[in-house]
Amino acid sequence: MSRIFEALRNAQRARDGKLQPAVPVEGATEVPDRRRSRRWSLDISVYVYGHGPGKEPFHEEAHTLHVNANGALILLSVPVMKGQKLLLTNRLTQKEQDCRIVFLGTRRSRTVEAGIEFPHTNPGFWNLPAES
């Protein structure tokens, strides 16, 4: 049986509650999820405003890959640096939010995945349900 088929079968059994959790390997440590809030895979259109390396202002329409109450993973085509501050505008709601880049990930042909963080938790920017 292929590993992919086995993984799919185990995932289905786990969803059905029929799969017992695996016993950890001796000496293994569990890595906690570092996210402070639930992550949602949503394609939300945002306007991104910032300043380039030479302090020239830029703006672009970008899209999210994942969002949460504390930030998002977005695709950008402008060059940015970790720590850089940006202003986002949610195209749907016209809400504005300051943020900063905390992660630069996979570079694609003309875009880069950029992880952004809000200064304060703000699920309302994405119209996410409040977590209890």
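For segment 95-116: of the residues being surrounded by 14 or more Cβ atoms within 10 Å (Cβ to Cβ) and of a type in the set (S, T, N, Q), which is nearest to Gly83 (Cα to Cα)?
The residue in question is Gln97.
Name the pairs whose Cβ atoms lie under 7 Å apart, with the first residue in segment 115-132 and aliphatic (A, V, I, L, M), the second modelled with pLDDT under 90, and 6 or more positions between them or separate chains?
Cβ pairs passing all conditions: Leu128/Trp40.
Only one of Ser77, Ser41, Ser2 is surrounded by fewer than 11 Cβ atoms within 10 Å (Cβ to Cβ) and modelled with pLDDT of 75 or more; which?
Ser41
Out of all the residues in segment 98-110, is one or more out of contact with any Cys (no Cβ under 6 Å at 6 or more places or on another chain), of a type in the set (Ser, Thr, Tyr) and at pLDDT 95 or above?
There is no residue in segment 98-110 that is out of contact with any Cys (no Cβ under 6 Å at 6 or more places or on another chain), of a type in the set (Ser, Thr, Tyr) and at pLDDT 95 or above.
Would you mind finding the one in Pro57, Pro119 that is more than 30 Å from Ala7 (Cα to Cα), surrounded by fewer than 10 Cβ atoms within 10 Å (Cβ to Cβ), modelled with pLDDT of 90 or more and not small (Gly, Ala, Ser)?
Pro57
The values are calculated or read from the model by the stated rules, or taken from the named source; none is laboratory data. Worth saying up front: this structure is predicted, and the values here are computed from it rather than measured. Every residue, glycine among them, receives a Cβ derived from its backbone with ideal geometry; neighbour counts consider all protein chains shown.
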